[in-house]
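Asks: For reference, the structure I am asking about is given below.
The values are calculated or read from the model by the stated rules, or taken from the named source; none is laboratory data. Note that the structure is a prediction, hence the values are computed from the model and not measured. Glycine gets a Cβ as well: all are built from the backbone with ideal geometry, and neighbour counts include every protein chain shown.
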Amino acid sequence: MPKKRTFNSNAIYVTEKVRLQLNKIPFYPCTIIEAPMGYGKTTAVREYLKNSGCTVLWQKVFNHSISGFWSMFCRQVRTIDTGAAEHLTQLGFPGDSTTREKALDLIQSALPSGGSIWVVDDYHLTDCIEIAGFIEYLLWNELPNFHIILSARYTHFDNLEEMTLKGYINHIQKDALELGLEEIISYYRLCGIALKEKDSLWLQSYTEGWITGLYLLMLSYQSEGAFEATANITALIDKTIYAPFSEEIKELLMTVCFFEAFSQEQAAHMWEKGGSIELLETLSGRNGFIVWDARNGVYQVHKIFSEFLRGFFDQNTPDEKRKIYGRAASWYKQTEDYIQAMEYYQLAQDFDGLLTALQLDQGYSMHNEHREKLIAYMEACPEEIRMKQPFALLVYAMCLFSYNETERYASVCGELADLLESGKLEPETARELAGEFEVLQSFTDYNDIEKMLEHYKRAGALMESPARFMDTRGGWTFGSPSILYMFHRKPGELERELNSMQEAMPFYDSLAKGHGRGAEFVMESERDYFRGDLDSAEIAAYKAYLLSEGSKQEDILLSAVFLQAKIDLYKGNYGIARERLKTIREDLERGGWYNLIHTMELCEGWIQLCLGRKQDVSKWILDGEFFESRMYFPAMAMFHIAYGRALLLSRDYAKLLGSMDHFLEIASVFPNLLSQIYVHIYAAAANDKLHRRDKALEEIRAALALAMPDGLLMPFVENGDLTEHLLAELSRKGEYQTAVSSIRKLYLPYHEAVEQILKEFFIEKRPQLTERETEIASLVAQGFSNIEIGQRLFITQNTVKTMMKRIFEKLGIHSRLMLQQYIRSQE
């Protein structure tokens, strides 16, 4: 009796040439496997990883959202280190040098010693230079035993050719994945089919080695007993995969077809009828287009099949589609993924649900990348639904304020005002809405504290509980390390502004659940500091420290510590100042307050700039790259205070004077008087260096005219090294003699303290680098990676890493960027 033929269409086949390429993965920081859809990229990688012995982080990309990409990456890291994953989540996507360095440290701390592979499947869907830049950064820094695999239809890297030539990238392309004649024969033999010569030649000609086409034709052969050309791939999938399914399975597939990966719970939620798990288990065992990913606990749907299913889904009636979209939206709302929830509510045309999701989110997830979508959703939302959900409109208005969409913000505020005046709301709802609307309107009057106070008073009289629309999980200062900078706006009005702040904060505290607690004491301590009353300043700073620390208001706490560090500097206690800043940095990072990471660097940088040591200041500050930071626009004029002094120390006088109008324009927006004072001081110093004495005196007079009505002396003291002689000249001319005398009395001990600090901490020689360490440091400064340095010096990569650690310790620095800056300063 002849033996019955056994078919196994799900047998996995990977060609020898692809296996050889994949076996090179451990020898490259990155492997790119690049080919159009259906060439077996994902299958080949999965087969390789089965025996890799490494920890695998498998991330599938679904769209070009940066925040979505980062969220999925953090989810993968959570499988190996929950603590590091939480910190990476708090850090957010690292789009600049500062956050990239921190991300690198966190990733390295999370990686197991046995080796790790991070797979990014469908990488092409990111379509994003920021993500490409981050991956390049990881490659150049070559984390030990960490390898990246990018599976994509296409890739774009600025330095792809260079990285490939230097051995950073193993690039597998389409030609390696195409099956030749012998490979087609071997594949079919593995699946139980012995091909005739004419059939193998026809298959090669018809499919050109495309394995998905070969797979589908194999299924057709199994049922028909012969090979037959088909009009298109859709018809082939329909005939061989979809048509044999039961109607129940087809219905289930229609409910999950727009998910390229979904959990069993998600499928049960979408199907509703029960038995979804059993159906899916049957389904995933019958073809290679839906597979169970046990590690991630999801079903993965092949892109070709998901696109095929969506074609059928699109044939549903609008009502049927809206019903399914609505179920997807409710799933995402239930799992608190409000971005996805809003997208599916929009597809379902359920704007009531969309506004509910927005209100629940409080704008926390609505980053700038979501601005256009959010605006489009809200502008499509019918007016009657907007009127039913006024508290969601408050959240939307707050988002518009943060996006600087001033006209749209004003329009929504007008809409809310009209609703309150219409009398259509229940009295209790109207009262509560009116109170929260007052809180919203206070932001319109930012930084006029007296007007803000009036809003708070009216809100407090109307509200019985904290505002619902405000997200109080973030910072209060917009990234500014100075409260006085934020709210001092008129010469001679500082006392009144401070009194208003002290009156306003208890009202705001009750409305915002303690958000910003301690700010009034920071402003009081800053007033005393800038007037030269350091003892009073220190007392108020401790009050602010204790209050903000107890309330977990880390941005207020940082402002208090920054002021304490400036007082320490004045007293010559640099070691204490440095330790304070080191401790607060560690505390912020431990608590995941990475939104303050650039504010922290600004504080550290200011102390170094006061000491004249620009080589120890972060590069983004020296380069004036405010928008590389996570500080917000209201803090920009504060940034210019540091950047302006950096330009002076760099002797870039023309650039400073050329930037002065821009600096003053930014400082006039709210306005921020403290920044204006510093800018005029800097302009005086720059003009003096360019031998424009009359302009220099004119600028120092302008600074004094703004500062003296409130007795603000310390901006002149901190810059006495550059302007002392200009002040002396004014005094000799009979101008500002009392003020100059007070500034000089404060400057002399300050100058002595700075000189002593420089002598004690910086002039004495640091431990000398050995010849080999100097050689490595020089190569780092030239931009060479650890691998390249090892190759040049004939030492191992681990030896390079060990010596780098020793160099950092000797020089008292903590990053390659700072080492580059140090080496350049010595040239």
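Asks: Which numbered condition in (1) surrounded by fewer than 24 Cβ atoms within 10 Å (Cβ to Cβ); (2) assigned to a helix (DSSP H, G or I); (3) among the small types (Gly, Ala, Ser); (4) modelled with pLDDT of 95 or more is the only one that SER510 fails?
Replies: If we test SER510 against (1) surrounded by fewer than 24 Cβ atoms within 10 Å (Cβ to Cβ); (2) assigned to a helix (DSSP H, G or I); (3) among the small types (Gly, Ala, Ser); (4) modelled with pLDDT of 95 or more, just (4) comes out false.
Asks: Further question: Give me a count of the residues in region 102-123 that are surrounded by fewer than 19 Cβ atoms within 10 Å (Cβ to Cβ) and either closer than 26 Å to PRO26 by Cβ or of a type in the set (Asp, Glu) (or both).
Replies: 8
Asks: Check PHE157 against each of (1) over 28 Å from ILE789 (Cβ atoms); (2) assigned to a loop (DSSP other than H, G, I, E, B) and name the one condition it does not meet.
Replies: (1)
Asks: Okay, moving on. LYS250: closer than 27 Å to LYS323 by Cβ and of a type in the set (Lys, Arg), yes or no?
Replies: yes
Asks: Do the conditions hold for GLU538, that is, is it in a helix (DSSP H, G or I), acidic (Asp, Glu) and buried (at least 23 other Cβ atoms within 10 Å of the Cβ)?
Replies: Answer is no for this residue.
Asks: Looking at region 718-737, which of its residues are over 20 Å from TYR643 (Cβ atoms) and not acidic (Asp, Glu)?
Replies: HIS725, LEU726, LEU727, ALA728, LEU730, SER731, ARG732, LYS733, GLY734, TYR736, GLN737
Asks: I need a count of the residues in region 137-167 that are aliphatic (A, V, I, L, M) and surrounded by fewer than 18 Cβ atoms within 10 Å (Cβ to Cβ).
Replies: Going through region 137-167 one residue at a time, the tally reaches 3.
Asks: Also: Is it true that TYR338 is surrounded by 14 or more Cβ atoms within 10 Å (Cβ to Cβ), among the hydroxyl-bearing types (Ser, Thr, Tyr) and more than 19 Å from ARG473 (Cβ to Cβ)?
Replies: no
Asks: Let me ask something else about it. So which residues in region 259-293 are free of Cβ contacts under 8 Å to residues at least 24 places away in the same chain and in a strand (DSSP E or B)?
Replies: ILE290, VAL291, TRP292
Asks: Kindly state which helices (runs of 4 or more DSSP H) lie completely within region 321-390 and contain at least 1 residues that are at pLDDT below 95, in the same structural domain as CYS413 (by TED's automatic domain parsing) and touching a His at 6+ places or on another chain (Cβ under 9 Å).
Replies: Hits in region 321-390: 338-347.
Asks: Then there's this: Could you tell me how many of the residues in region 546-600 are outside any helix (DSSP H, G or I), in contact with a Leu (Cβ under 9 Å, 6 or more places away or on another chain) and at pLDDT 95 or above?
Replies: 1
Asks: For region 436-448, enumerate the residues that are surrounded by fewer than 20 Cβ atoms within 10 Å (Cβ to Cβ), touching a helix residue (DSSP H, G or I) at 6+ places or on another chain (Cβ under 7 Å) and not aromatic (Phe, Trp, Tyr).
Replies: Once the filter is applied, which keeps residues that are surrounded by fewer than 20 Cβ atoms within 10 Å (Cβ to Cβ), touching a helix residue (DSSP H, G or I) at 6+ places or on another chain (Cβ under 7 Å) and not aromatic (Phe, Trp, Tyr), region 436-448 yields GLN441, ASP445, ASN447.
Asks: Which ones in region 235-261 are of a type in the set (A, V, I, L, M, F, W, C) and in contact with a strand residue (DSSP E or B) (Cβ under 6 Å, 6 or more places away or on another chain)?
Replies: VAL256, ALA261
Asks: Within region 262-296, how many residues are farther than 13 Å from ALA328 by Cα and of a type outside the set (Val, Ile, Thr)?
Replies: Residues flagged as farther than 13 Å from ALA328 by Cα and of a type outside the set (Val, Ile, Thr) within region 262-296 amount to 21.
Asks: Considering (1) within 28 Å of SER220 (Cβ to Cβ); (2) buried (at least 17 other Cβ atoms within 10 Å of the Cβ); (3) under 30 Å from the mean Cα position of the chain (by Cα), say which one PHE262 fails and leave the rest.
Replies: Tallying (1) within 28 Å of SER220 (Cβ to Cβ); (2) buried (at least 17 other Cβ atoms within 10 Å of the Cβ); (3) under 30 Å from the mean Cα position of the chain (by Cα), PHE262 fails exactly one: (1).
Asks: Right, here's the next one. Tell me the residue from MET470, MET486 that is surrounded by 15 or more Cβ atoms within 10 Å (Cβ to Cβ) and part of a loop (DSSP other than H, G, I, E, B), please.
Replies: Sole residue among the options that is surrounded by 15 or more Cβ atoms within 10 Å (Cβ to Cβ) and part of a loop (DSSP other than H, G, I, E, B): MET470.
Asks: It is to be established whether one or more residues within region 517-533 are small (Gly, Ala, Ser), crowded, with 16+ Cβ neighbours inside 10 Å and within 26 Å of the chain's Cα centre (by Cα).
Replies: Checking region 517-533: not a single residue is small (Gly, Ala, Ser), crowded, with 16+ Cβ neighbours inside 10 Å and within 26 Å of the chain's Cα centre (by Cα).
Asks: Please count how many residues of region 649-682 are of a type outside the set (Val, Ile, Thr) and under 21 Å from GLY605 (Cβ atoms).
Replies: So the answer is 18.
Asks: Can you go through VAL412, VAL439 and tell me which one is at pLDDT 95 or above, under 33 Å from the mean Cα position of the chain (by Cα) and within 29 Å of ILE375 (Cα to Cα)?
Replies: VAL412
Asks: Let me ask something else. What's the number of the condition SER276 fails, among (1) buried (at least 19 other Cβ atoms within 10 Å of the Cβ); (2) among the polar types (S, T, N, Q); (3) within 21 Å of PHE62 (Cβ to Cβ)?
Replies: The number of the failed condition is (3).
Asks: For region 171-204: of the residues being among the β-branched types (Val, Ile, Thr) and assigned to a helix (DSSP H, G or I), which is surrounded by the fewest Cβ atoms within 10 Å (Cβ to Cβ)?
Replies: Step by step, filter region 171-204, then rank; the result is ILE185.
Asks: Next question, about the same structure. Enumerate the helices (runs of 4 or more DSSP H) found wholly within region 1-112, keeping only those where 1 or more residues are at pLDDT 90 or above and under 30 Å from THR240 (Cα atoms).
Replies: It comes to 16-22, 41-49.
Quick grid of which residues meet (1) of a type in the set (D, E, K, R); (2) part of a loop (DSSP other than H, G, I, E, B):
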site	(1), (2)
LEU657	no, no
PHE670	no, yes
GLN676	no, no
LYS695	yes, no
GLU699	yes, no
ALA705	no, no
PRO715	no, no
ASP721	yes, no
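Asks: Working carefully through the options SER205, SER186, SER246, SER223, find the one that is in contact (Cβ under 8 Å) with a residue 40 or more places away in the chain and not acidic (Asp, Glu).
Replies: SER186
Asks: Being outside any helix (DSSP H, G or I), farther than 30 Å from SER330 by Cβ and among the aromatic types (Phe, Trp, Tyr), is that true of even one residue in region 248-258?
Replies: No, region 248-258 contains no residue that is outside any helix (DSSP H, G or I), farther than 30 Å from SER330 by Cβ and among the aromatic types (Phe, Trp, Tyr).
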